[in-house]
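Derivation of every value follows stated rules applied to the coordinates shown; laboratory data play no part. These numbers come from a predicted model, not from an experiment. Cβ coordinates were reconstructed from backbone atoms using ideal geometry, including for glycine residues, and neighbour counts include every protein chain displayed.
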Amino acid sequence: MNTNGNTYTVIYSTVLVVLVAAILAFVAMSLQDKQNENVKLETISKLLGAASQVDTTFTIEEDADVLGLYADNVVAAFFVDGNGEKVQDMNTGKEDKNKIEVTTTSDLKAQNDKFKKLEEGQSELLSELRLPVYIFDIKGHKVTVIPCYGAGLWGPIWGYLALDEDGKTIDGAIFDHKGETPGLGSKIADKPFYGKFHGKTFNMTGEDMFTVAKITAITEPEHSVDAISGATITSQALGKSINLWAKYYKPYLVKAAAASQANTVSAPEEMTEAADSTFAGNTAAATNVNVEE
Amino acid sequence: MSDINYKEVLLKPIFKGNPVTVLVLGICSSLAVTVQLEGACVMALSVIIVTGLSSFVASILRNTIPNRIRIIVQLVVVSLMVILVDQVLKAYAYSVSKTLSVYVGLIITNCIVMGRIEAFALGNKPIPSLLDGLANGAGYGLILVVVAFFRELLGSGTLFGFRIIPQSFYDAGYMDNGLIILPPMALILLGVIVWIQRSIQKDLQEK
């Protein structure tokens, strides 16, 4: 058979491409559910990972039932808009843990795109934002977990911040990335880096609520963490995305903090406890804000 | 064609005809994924699977491929394998697939895969081609692991994420070499490996 004729070549390539496309489509579709399940599990374990840092005695085993743990410890999960109003509830899996709803990174990306438009001045989008808020009760500590998402050096980076009831003290943080440089930017996902966030606070009054910068460039240590050397762009991108997300969560955080202060009697006790675990600078900053209020 | 020396097919790519140090293929990814040993190991495994299967499939198709479009056909076969590996990893080994991230996709551009299909699979039967692919992947993987071993040990003081260099060394003034984490040092390490190999194997030295 002449395998070099034009007709043969065209037919051969067409058949080959169609065949390969069919195989890939079939594989992608049959593995889709399993992959989505993995992404959801991953998100849930990240949420738990961030929230659990509030109490060091709360540990998550390697092979733990993440869905069950989530359902047991979550108090509420809902969406808020850019004005801080609660707009929609999420299934917390109290009745059936297989029905837990969480927002995965693709949802976060959609919100991030809206932020960009908002930054360009389309302020009518503010009420269209759907920002997920997860409230956990970890051994008596009430923590609010909010996500952040942004562009790193090679691909998206994202993470979850667990906030105290005052809406600005960070109790825990966890980050992840699609493809930052292994050994450099990828370190944002490692404990030595995200551990540094514990006890830091958002700057609720200044221009930048939080910064990740080179240690010599840090002016407000209570609102900043040291960047990773050799991964300047990833670090700065992370700082920027935390800032951007915190900015749009701010209306909600302020409202929630005011509400919890108004109706909790036991709150002061817990707050002193939280302040004890942070270092002196933070306590001072926290007191200052209290005075202002 | 029937008298293929299987031992030769399997062993040559590991040392004497190593794709990285002798043929100097696949340098790009050996610089990129050798910062940590774990990533290097999984990458090595993925490349072994992809080179093996692609050579196998290309060899089955070898008599039907129109000569004028053979490179593009090879490319389709290789990318099919790479995407399959990527999808399966995402579904059944999610954490591993996350460590490797973009580099799995980049196996497509690894010159070794195409090189072996061109040089071997198109002229040999499926089974020897499969073995040749696997062996070349292993030869590549070996270099990757060796380079990653030194880079992680000297650059971060760890192996597989576990601390190897004791804290007392750091207290005494020892410091991790930050330079070794950066790609240029990987190239230098690779050069050293080539040097060692050529001083053992004199027939590789150019006059």
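The table below lists the values:
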| quantity | calculated |
| --- | --- |
| Cross-link table A:Lys34/A:Lys214; A:Lys97/A:Lys214; A:Lys97/B:Lys98, entries beyond 32 Å C-alpha to C-alpha | A:Lys34/A:Lys214; A:Lys97/A:Lys214 |
| Shielding of B:70-81 by partner chains, average beta-carbon count, 10 Å | 2 |
| On Cα atoms only, tilt of A:105-119 relative to the major axis of chain A in degrees | 70 |
| Diffusion coefficient, µm² s⁻¹, Stokes-Einstein with Kirkwood Rh over alpha-carbon pairs of the protein assembly as shown at 10 °C and 1.306 mPa s | 62 |
| Reduced Cα scattering model of region B:17-201, Debye log10 I(q)/I(0), q = 0.09, 0.12, 0.18 Å⁻¹ | -0.36, -0.61, -1.13 |
| Per-residue average of Cβ from other chains inside 10 Å of B:89-95 | 5 |
| Residue with peak Gaussian network fluctuation, chain A [Cα springs, cutoff 10 Å], from A:Glu180, A:Glu101, A:Glu61 | A:Glu61 |
| Alpha carbon centroid spacing (whole Å) that separates region A:139-173 from region B:28-67 | 39 |
| Nearest-0.05 FRET efficiency for A:Thr3 and B:Ala119, computed from C-beta distance (R0 22 Å) | 0.65 |
| Three-way shape label, region B:94-207, alpha-carbon gyration tensor, a/c 1.5 | oblate |
| Contact order normalised by residue count of chain B, Cα under 8 Å, 6+ apart, percent | 34 |
| Selection from A:Thr181, A:Met209, A:His198, by position along the positive dipole direction of chain A (Cβ) | A:Thr181 |
| Euclidean distance of C-alpha centroids, region A:70-129 and region B:140-207, integer Å | 46 |
| Kyte-Doolittle mean at least -0.5 and Cα axial length at least 27 Å: DSSP H helices in chain B | B:37-61, B:70-92, B:126-156 |
| Dipole in debye (nearest 20) - the protein assembly as shown, about Cα centre, beta carbon charges: Lys, Arg +1; Asp, Glu -1 | 2620 |
| Residue (of B:Phe150, B:Ile71, B:Leu130) at the positive-pole extreme of region B:57-168, dipole from beta-carbon charges | B:Ile71 |
| Crossing angle, helix A:280-292 versus chain A [Cα axis fit, 0-90 degrees, rounded to tens] | 70 |
| FRET efficiency estimate (nearest 0.05) - Cβ-Cβ, B:Cys28 to B:Trp195, R0 25 angstrom | 0.75 |
| Region A:83-169: Cα Rg divided by the 2.2 N^0.38 Å rule of thumb | 1.23 |
| Backbone N under 15 Å from the B:Ile165 label point (7 Å along Cα→Cβ), restricted to region B:1-39 | B:36 |
| Only Lys, Arg (+1) and Asp, Glu (-1) charged, at Cβ; chain A dipole about Cα centre in debye | 980 |
| Linear extension gain, A:Glu37 paired with A:Thr216, 0.36 nm per residue minus alpha-carbon span | 60.2 nm |
| Over region B:20-64: Rg over Rh, Cα atoms, Kirkwood Rh | 1.11 |
| Highest to lowest packing among A:171-179, B:162-170, B:73-81, scored as the average C-beta count within 10 Å | A:171-179, B:73-81, B:162-170 |
| With 10 Å bins from 0: P(r) over region A:36-292, alpha-carbon pairs, percent | 7, 32, 39, 21, 2, 0 |
| Chain A, relative contact order [Cα under 8 Å, separation at least 6], % | 15 |
| Per-residue mean of C-beta atoms belonging to partner chains within 10 Å, peptide A:180-189 | 5 |
